[in-house]
Structure formats: C-alpha cells, structure tokens
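Notes follow the structure.
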C-alpha cells in the first residue's frame, strides 16, 4: 500500500508526496485530493519552505514533461504531458527499458501547449526571468525563484536532456516526465527518463475544495465579506448568521 507523506501542512501551499512508481503515486495523491505539482508551484513551495527544507533539497517529479521528435532541431517542454494521461502505459515502457512512444493525437495535444528548447540550454540565475523558456516554466514565481536560487549559491540552471544523437535513432516521437532536481543538484530541469517504474518522489499540492477558503488570502477575503455583511444587516439577522456560522 502506498504511503502518503503529508510533510507540508502549514502555509499557503499544502503539499504531500508519495515515494512509489509514478502510476501508483499519482493514484494515491489523487485519491487524497492532491494534484501532482507543477514546476511553478514547486518553485513557490520551495520559496515558502526555505532552502533547508526537504522539498528544496530533494528533487521530485512534476506534472509537466518533454517531447522528443526525431530529426527535429528542438526539444519541446510541454504543459500537457502524455504521461499524465497514460501513466500505466508509460510504466510498462519504462519496465521494458523503452522510451514511451506517443501517437499523432498524443503528440498534437502535447505540442498545443509547449515551448521549444534547444538541446543545450543553460541560464544564469540572474537571467531566469528574462529567458523565454524558464519564464514560462516557472510562471509568475520566476523572479523570486531566481533570487531564491542565487541565495542558495546556485549560479546557473541547466536542462538535462537526451542528446540529439540518441533522439535521431528513434523511429517515433517519445515523451518523458519532468524531474525538478533539488538544490543539492543545482535545481536542474531534467527531461531524461528518471525510471518511472522505480520508487521516486512524486509530489502533490492539496486541491482547493470548492466553496471553502483554502489559502490565507481566501480566508482574509471571506472575513472582509463577512464584516461588510454585518454592516448592512439588522441586529436580528446578524444573530441568525452568527448562530449558523457556529454550527458550521
């Protein structure tokens, strides 16, 4: 049975991880109302928890991936990883030590929300927010994450990708999942198959439950709305609402 470890239960982002093969970990996280973390959320979580935290020092799989197409000049970073949709098939390929080949429909979906990357791509941390690729991968967290990495003694972020010679030997496009390395390994952005069938850290973030405040900002907003409501209601109406809130 998969073991869900809820290691971050305070702060704006709540997170847990499972140390299992990808398909088992994904199922366990989703069963417990966690969504596999994105690279941007991962950056925010590391900033929130600090550079000495487990989530910062150790890498984990995220929800994004990479698409390799033989005889093309670029690799594609995708926000629509086919492995997220077909985890069992990806595991089977990994067990057989084969790439996870994708069909035309899967490729089209993946490329519909993707970024082209050169096979060799290294970015100084001071330029992360100016680099088109890393700026999209880490979204609005990019500038603070660059500062966070610099403070941790990291000067450059590199991409770990298959070489062009390896990709061009394949007959069909294939996908890999993103492994965001920990600070101990320079926060590398890795798109080489990291053994999906082996035990790996797969991290998730707690989903917001519809209708309930989740982040501190949501709570503050709810309190403002409540106080505004009190100002326009009659005393007897306020009493009724107060009683209802106590029951909740």
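Details
- Any hit, the stretch 45-52, residues being crowded, with 22+ Cβ neighbours inside 10 Å and touching a residue at least 24 places away in the same chain (Cβ under 8 Å): yes
- Taken over the stretch 141-200, the criterion of being crowded, with 22+ Cβ neighbours inside 10 Å, at pLDDT 95 or above and farther than 15 Å from residue 43 by Cβ is satisfied by 159, 161, 173, 174, 175, 176, 177, 191.
- Residue within the stretch 88-96 that is modelled with pLDDT of 95 or more, part of a strand (DSSP E or B) and in contact with a strand residue (DSSP E or B) (Cβ under 6 Å, 6 or more places away or on another chain) present: no
- Of all residues in the stretch 54-76 being in contact with a strand residue (DSSP E or B) (Cβ under 8 Å, 6 or more places away or on another chain) and part of a loop (DSSP other than H, G, I, E, B), the one that is nearest to residue 21 (Cα to Cα): 59
- If only residues of the stretch 85-101 that are in contact with a helix residue (DSSP H, G or I) (Cβ under 8 Å, 6 or more places away or on another chain) and without any contact (Cβ under 8 Å) to a residue 40 or more places away in the chain are counted, the one that is surrounded by the most Cβ atoms within 10 Å (Cβ to Cβ) is 86.
- Residues in the stretch 146-161 that are within 18 Å of residue 133 (Cβ to Cβ), part of a loop (DSSP other than H, G, I, E, B) and touching a helix residue (DSSP H, G or I) at 6+ places or on another chain (Cβ under 7 Å): 2 in all.
- Any pair with Cβ under 7 angstrom, 6 or more apart, that starts in the stretch 179-198 at a residue that is in a strand (DSSP E or B) and ends at one that is surrounded by fewer than 21 Cβ atoms within 10 Å (Cβ to Cβ) and modelled with pLDDT under 95: 179/194
- Residues of the stretch 54-78 classified as surrounded by 17 or more Cβ atoms within 10 Å (Cβ to Cβ) and either more than 21 Å from residue 160 (Cα to Cα) or within 14 Å of the chain's Cα centre (by Cα) (or both), total: 12
- Residue check, residue 110 assigned by TED's automatic domain parsing to the domain that holds residue 182, under 16 Å from residue 196 (Cβ atoms) and in contact with a helix residue (DSSP H, G or I) (Cβ under 6 Å, 6 or more places away or on another chain): no
- Annotation for the stretch 146-164: no member residue is free of Cβ contacts under 8 Å to residues at least 12 places away in the same chain and more than 23 Å from residue 53 (Cα to Cα).
- Residue identified as modelled with pLDDT under 95, touching a strand residue (DSSP E or B) at 6+ places or on another chain (Cβ under 6 Å) and within 28 Å of residue 208 (Cβ to Cβ) among 25, 2: 2
The values are calculated or read from the model by the stated rules, or taken from the named source; none is laboratory data. Just so you know, these numbers come straight off a predicted model, no measurement behind them. With ideal geometry, Cβ positions are generated from the backbone for all residues, glycine too; neighbour counts draw on all protein chains shown.
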